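Heads up: the structure comes next, in structure tokens.
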Number of protein chains: 2
Amino acid sequence: GPAMLRLLAAGFGGEGWALWSVPHPGGTLRPRVTLVLCCPDSPLASPQEMLIGRYGEGAKLIYELQDQGGELLALRYDLTVPFARYLAMNKITNMKRYHVAKVYRRDNPATTRGRYREFYQCDFDIAGQFDPMIPDAECLKVVHEILSDLQLGDFLIRVNHRQILNGVFAVCGIPESKFITTCSTVDKLDKMPWEEVRSEMVGEKGLSPEAADRIGEYVQLHGGLDLIERLLQDPKLSQNKLAKEGLGDMKLLFEYLTLFGITGKVSFDLSLARGLDYYTGVIYEAVLLQQENDHVEEPVSVGSVAGGGRYDGLVGMFDPKGRKVPCVGVSIGIERIFSILEQRVEASGEKVRTTETQVLVATPHKHLIAARLKLISELWDAGIKAEMLYKKDPKLLKQLQYCEDTGIPLAAIVGEQELTDGVVKLRDVATREEVDIPREKLVDEIRRRLEP
Amino acid sequence: GPAMLRLLAAGFGGEGWALWSVPHPGGTLRPRVTLVLCCPDSPLASPQEMLIGRYGEGAKLIYELQDQGGELLALRYDLTVPFARYLAMNKITNMKRYHVAKVYRRDNPATTRGRYREFYQCDFDIAGQFDPMIPDAECLKVVHEILSDLQLGDFLIRVNHRQILNGVFAVCGIPESKFITTCSTVDKLDKMPWEEVRSEMVGEKGLSPEAADRIGEYVQLHGGLDLIERLLQDPKLSQNKLAKEGLGDMKLLFEYLTLFGITGKVSFDLSLARGLDYYTGVIYEAVLLQQENDHVEEPVSVGSVAGGGRYDGLVGMFDPKGRKVPCVGVSIGIERIFSILEQRVEASGEKVRTTETQVLVATPHKHLIAARLKLISELWDAGIKAEMLYKKDPKLLKQLQYCEDTGIPLAAIVGEQELTDGVVKLRDVATREEVDIPREKLVDEIRRRLEP
């Protein structure tokens, strides 16, 4: 079965997330069967002006379609902005969905560093006016579930809140005009030491050394509920409205995460800032950890595999009347996760099957193509995943070799003798054992053998 | 479960068709789990010059990307040409895969007629040098299976062969330079009477009236093995090498289709021509039939839902050394099929669920958000598809109403009393029956209730 799909379905809170329960362009709801088959999708192309200005620095990487006498269109840059536009255009006020699809960047591909012009993203989002932190906590639960199920090794989900960051900047005396640029410098704390971050703040960003030092006292903090409680008592922060609200959210979030039993892998980390402008509340990022060999040092992050947050203003930007739809979501870095899984499979030397064929229909000698076609047709009609070689008279050895090469567990062999006796020789490819099975019992016997 | 996916998997011969068992851009095979999750895909964009010239008249509908200092790229116009290019670029000599993905046409959308600029296609193809007609027969078997399983009503698969058509044109005295244009006129025979087709041949296409009449004698024929045998004895056709080879193929194909038990829905039809230049052998098209009300007339075609054929030359066009990889494939008109299924669902008034949620976790009074979060977390961890309202203190009535509106079959209710007694009240939404279940037995009981 589609193991990963089931896994992910489990990952998505085990619950009926819609894979785009999308109104058809014609207007009516597609029947449910379509949801899986054709993965209804946000439109690939959007009017260019809808995209420009949403991505800050990223805008130069937007792929535009040639002006051929219509509107100017551009390719999907990520899945969040098209989702927000979709909600606004269709006047949808609440929805939860996941979406696995390709996005496009007009970048110079650097395949060695896993950077492509066309790559998959996997997002899930909860849109709607709900009580605080309930959907946010669910998003973190889903991330926790996916990363646990995939057995990628130890991981940590870092969490912060835009309002707390803004509150910190405010009480440290940073003018509001410098919040965003200060944010992007703070965000580098996971890659460089505080001293370098500080000198970028003072040098490039023009903060006063005193303000930078004050910021440094906050953004180097990380912890759990205890830290949240401490900051709620902080004489400066507790006077700041933004920070107080943010800390209130954070406290509630951690209470919910405690009920979900996942606080062990979640860290409230004041250095997490995340670049995109559209986040308005909780933000988070999941990183894989690698235990150092000597077991002395702290685990080291080997890179982000998921990230997201709350973006309450984005849908309103696409709505002609500015109606807001609060949203929270996560993007899972599936390209990165797959490359990790791939390296692991490669390192293990494990053979990976790319098909799910259960039975090869084979013949032991010439002039039996009719017997093979008849038998395979019976198996297909019974829902058995069967295959045969596309040769009129293949050698038996070749057919059995094909089973071994491709990992097909069973071979159903019919020769003249079997046809006369009304049986099929069923061969277990691994053990090479062969048993004659009456033809009318073959399907049941195959099913029995394939039971897990 | 993903009913349609299972259905389609059954449709695809019940066997392990790869959904792109694609080498990763990095070069190694992705582990099998990825095959379903992210639907590896042919590249969306191709160098423009690879596409222009493959689609004849269609070329003007190709979507081009803006020249932003790199190669000129264009969006995928169909799934066949990118598949052929993929095989050539990766030097793959045999592969079978199915692919469900979007394609793009720079057309004026006419949504009422189901014509969009962005729509899904669903293709499957078998590439490789194999014995004649074995893969071709499998393609027809798959089409037959899909259309039967989807219960779309009566259908007919029309089959013809490019070489037979060319042979017919040759023996009727048409110069080779007019084969393709004559083909496209013949193709209209399913929509207009022979007299009109004839006058287009003579008027617009410049054939002599005698040649047109000779063509008319052939292209109005349809039948089965009997017709093939008769044409093999035809004094003129049996002298033409192309026609003889084509009829030989067709005879073998019908023998295989007889073994598959599907000749009842297959008609050898000499008027089927199909527009695209790249077909080289067998061609086919499936049409839905509608029984007229008075039961007197013959069934009427209500349009094509699948089509394809053999294209042995296309891969070679993309290979720098011109190496050929014979291919045969089908495109299923899923947009059309879905709109039929949709209309049917709408007409029946049947309610269609868009999620698969099995249980709503509910509380009967205030201050129980913690109980709900703890219970839903247990259910998620056990793989149950559970949902709860994103409100801190929702009314019980609202929660039950939500189950009825969205078709959730079970509600798991925890109040103070249930918490004290260590039970959960399990409610059958349809019958409104409620039973207290010991908490530790809840997961098993839910699973039991959900068994089909």
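Worth pointing out:
- For region A:320-330, the set of residues classified as touching a Gly at 6+ places or on another chain (Cβ under 7 Å) and surrounded by fewer than 20 Cβ atoms within 10 Å (Cβ to Cβ) consists of A:G322, A:R323, A:K324, listed by residue number.
- Single unsatisfied condition, A:Q291 versus (1) open to solvent by 10 Å² or more (accessible area, probe 1.4 Å); (2) under 23 Å from A:K191 (Cα atoms); (3) at pLDDT 95 or above: (3)
- Residues located in region B:341-375, provided they are open to solvent by less than 10 Å² (accessible area, probe 1.4 Å) and within 8 Å of chain A (Cβ to nearest Cβ): B:T357, B:L373
- Scanning region B:131-188 for residues that are free of Cβ contacts under 8 Å to residues at least 24 places away in the same chain and more than 27 Å from the chain's Cα centre (by Cα) turns up B:P175, B:E176, B:S177, B:F179.
- For region A:379-403, a residue qualifies if it is more than 7 Å from every other protein chain (Cβ to nearest Cβ) and open to solvent by 50 Å² or more (accessible area, probe 1.4 Å), and the qualifying residues are A:D381, A:D393, A:K395, A:L396, A:L397, A:K398, A:Q401, A:Y402.
- Single unsatisfied condition, B:G206 versus (1) open to solvent by 10 Å² or more (accessible area, probe 1.4 Å); (2) in contact with a Leu (Cβ under 9 Å, 6 or more places away or on another chain): (2)
- So B:A88, is it more than 11 Å from every other protein chain (Cβ to nearest Cβ) and either in a strand (DSSP E or B) or at pLDDT 85 or above (or both): yes
- Which numbered condition B:F338 fails, given (1) within 9 Å of chain A (Cβ to nearest Cβ); (2) touching a residue at least 40 places away in the same chain (Cβ under 8 Å): (2)
- Candidates A:T80, A:T182: the one that is over 29 Å from A:I262 (Cβ atoms), buried (at least 19 other Cβ atoms within 10 Å of the Cβ) and among the hydroxyl-bearing types (S, T, Y) is A:T182.
- Out of A:L152, A:L165, A:L156, sole residue that is more than 30 Å from B:P394 (Cβ to Cβ), away from chain B (no Cβ under 12 Å) and open to solvent by 40 Å² or more (accessible area, probe 1.4 Å): A:L156
- The helices (runs of 4 or more DSSP H) found wholly in region A:131-215 and carrying at least 3 residues that are charged (D, E, K, R), farther than 17 Å from A:T280 by Cβ and touching a helix residue (DSSP H, G or I) at 6+ places or on another chain (Cβ under 6 Å) occupy A:134-149.
- Of the residues making up region A:235-268, those that are buried (at least 19 other Cβ atoms within 10 Å of the Cβ), assigned to a loop (DSSP other than H, G, I, E, B) and either out of contact with any helix residue (DSSP H, G or I) (no Cβ under 9 Å at 6 or more places or on another chain) or away from chain B (no Cβ under 14 Å) (or both) number 1.
- The listed residues are A:E440, A:E418, and the only one of them that is more than 12 Å from every other protein chain (Cβ to nearest Cβ), touching a Pro at 6+ places or on another chain (Cβ under 9 Å) and part of a helix (DSSP H, G or I) turns out to be A:E418.
The values are calculated or read from the model by the stated rules, or taken from the named source; none is laboratory data. All figures in this text were calculated on a predicted structure; none of them were measured in a lab. Here Cβ is always computed from backbone atoms with ideal geometry, including for glycine, and neighbour counts include all displayed protein chains. Note: areas computed on protein heavy atoms with side chains; ligands, DNA, RNA excluded. Shrake-Rupley method; radii C 1.70, N 1.55, O 1.52, S 1.80 Å.
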